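Enquirer: Encoded as structure tokens, here's the structure I'll be asking about.
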Amino acid sequence: MDKILAWENVLLTDSGFFDPFDLARPLSPIVERFAQMAAKPFLQARVLFIPAAACDEEAKNLAAILYSELIWLGFSPENIVPYMLDRFLPLEEALSYDVMFVTGGWCEHLLKLIQKVKFQETVRAFVFANKVYVGVSAGSVIATPNIMGTFEERPGPATSGLGLVHAYLDCHCDMRPDLTEKALAFPHVLLHFNQALAVNSAGYERIEDPSCSRAIDWSSPPVMGVDVYKLDAVKIYQYDS
């Protein structure tokens, strides 16, 4: 492969860097790969934090948790800059960051905003420059060839994603016990809470923290804020939107 076209720093997570059932517990293999990709101390790295997919209260609360996860990992709040996809961002400005972190929420909404401010090519140029792209949930699905790839046999160009990974993703599969892999135009990857895909120009690798695997009792499903994403043992930081 032409070295000019080789890149290796895309990390597509299901739920971020900490166990949703125990936010005090990092998903160590995923954090370690992130640190390897960043290639500098987290305290020194600049992050373009993009929570634009979070357009309801639950998603906004989760975005605040993900922002907090960066701080828990050692990133400086002064180096984490929110970007709501509300203006055109020059490529030179984007490339001043080390990490682009795209949170979860509504993928269709995220795609519309990306298209509106013509951010697709900026993301690709950022990745091709071997900067670090991190996705969570919708931020991971948007990196696929098409955000409707797991729903439609022939998804149209209007829903084309960033095409950073040659696979279609379903996230939070712990909460969808009946979901199975489908025969699609690209491999169908089912991600669980403790998993991520490390992606490069040659392919992708599944990373997981087996110590955080859980068998969910579906007679008593987990409740957000009670069983999952409990906030009683951690400090949550807020970002400026």
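The values are calculated or read from the model by the stated rules, or taken from the named source; none is laboratory data. What you see is a predicted model; the values in this text were computed from it and never measured. With ideal geometry, Cβ positions are generated from the backbone for all residues, glycine too; neighbour counts draw on all protein chains shown. Surface accessibility is based on the protein's heavy atoms, side chains included, excluding ligands, DNA and RNA. Shrake-Rupley method; radii C 1.70, N 1.55, O 1.52, S 1.80 Å.
Enquirer: Could you tell me whether residue 140 is farther than 28 Å from residue 158 by Cβ, outside any loop (DSSP other than H, G, I, E, B) and either in contact (Cβ under 8 Å) with a residue 40 or more places away in the chain or in contact with a helix residue (DSSP H, G or I) (Cβ under 9 Å, 6 or more places away or on another chain) (or both)?
Expert: no
Enquirer: If you go through region 160-173, how many residues are modelled with pLDDT of 95 or more, open to solvent by 30 Å² or more (accessible area, probe 1.4 Å) and either touching a Gly at 6+ places or on another chain (Cβ under 9 Å) or closer than 21 Å to residue 70 by Cβ (or both)?
Expert: Result for region 160-173: 1.
Enquirer: Would you tally the residues in region 111-123 being open to solvent by 40 Å² or more (accessible area, probe 1.4 Å) and assigned to a helix (DSSP H, G or I)?
Expert: The qualifying residues number 5.
Enquirer: Would you point out which residue out of 222, 157 is open to solvent by 80 Å² or more (accessible area, probe 1.4 Å) and either out of contact with any Gly (no Cβ under 9 Å at 6 or more places or on another chain) or closer than 29 Å to residue 64 by Cβ (or both)?
Expert: On the way: 222 fails: open to solvent by 80 Å² or more (accessible area, probe 1.4 Å).
Sole residue among the options that is open to solvent by 80 Å² or more (accessible area, probe 1.4 Å) and either out of contact with any Gly (no Cβ under 9 Å at 6 or more places or on another chain) or closer than 29 Å to residue 64 by Cβ (or both): 157.
Enquirer: Looking only at region 72-102, which residues are over 21 Å from residue 60 (Cβ atoms), open to solvent by 50 Å² or more (accessible area, probe 1.4 Å) and of a type in the set (Phe, Trp, Tyr)?
Expert: Once the filter is applied, which keeps residues that are over 21 Å from residue 60 (Cβ atoms), open to solvent by 50 Å² or more (accessible area, probe 1.4 Å) and of a type in the set (Phe, Trp, Tyr), region 72-102 yields only 88.
Enquirer: Right, another one. When you look at residue 128, is it modelled with pLDDT of 95 or more, open to solvent by 60 Å² or more (accessible area, probe 1.4 Å) and either in contact with a Ser or Thr (Cβ under 9 Å, 6 or more places away or on another chain) or within 21 Å of residue 171 (Cα to Cα) (or both), yes or no?
Expert: yes
Enquirer: Against the condition among the small types (Gly, Ala, Ser), over 25 Å from residue 208 (Cβ atoms) and not in a strand (DSSP E or B), how does residue 183 come out, does it pass?
Expert: no
Enquirer: May I ask you to verify whether residue 190 is touching a Lys or Arg at 6+ places or on another chain (Cβ under 9 Å), hydrophobic (A, V, I, L, M, F, W, C), buried (at least 16 other Cβ atoms within 10 Å of the Cβ) and closer than 18 Å to residue 120 by Cα?
Expert: no
Enquirer: Got at least one residue in region 63-71 being open to solvent by 10 Å² or more (accessible area, probe 1.4 Å), part of a strand (DSSP E or B), modelled with pLDDT of 95 or more and not aromatic (Phe, Trp, Tyr)?
Expert: No: zero hits.
Enquirer: Within region 195-211, is even one residue part of a loop (DSSP other than H, G, I, E, B), free of Cβ contacts under 8 Å to residues at least 60 places away in the same chain and under 21 Å from the mean Cα position of the chain (by Cα)?
Expert: No, every residue in region 195-211 fails to be part of a loop (DSSP other than H, G, I, E, B), free of Cβ contacts under 8 Å to residues at least 60 places away in the same chain and under 21 Å from the mean Cα position of the chain (by Cα).
Enquirer: Is it true that residue 134 is in a helix (DSSP H, G or I), among the hydrophobic types (A, V, I, L, M, F, W, C), open to solvent by less than 10 Å² (accessible area, probe 1.4 Å) and modelled with pLDDT of 95 or more?
Expert: Judged against the criteria, residue 134 is not a match.
Enquirer: Right, residue 108: assigned to a loop (DSSP other than H, G, I, E, B), open to solvent by 60 Å² or more (accessible area, probe 1.4 Å) and either more than 23 Å from residue 141 (Cα to Cα) or not small (Gly, Ala, Ser) (or both) or not?
Expert: Working: assigned to a loop (DSSP other than H, G, I, E, B): no; open to solvent by 60 Å² or more (accessible area, probe 1.4 Å): yes; either more than 23 Å from residue 141 (Cα to Cα) or not small (Gly, Ala, Ser) (or both): yes.
It is false that residue 108 is assigned to a loop (DSSP other than H, G, I, E, B), open to solvent by 60 Å² or more (accessible area, probe 1.4 Å) and either more than 23 Å from residue 141 (Cα to Cα) or not small (Gly, Ala, Ser) (or both).
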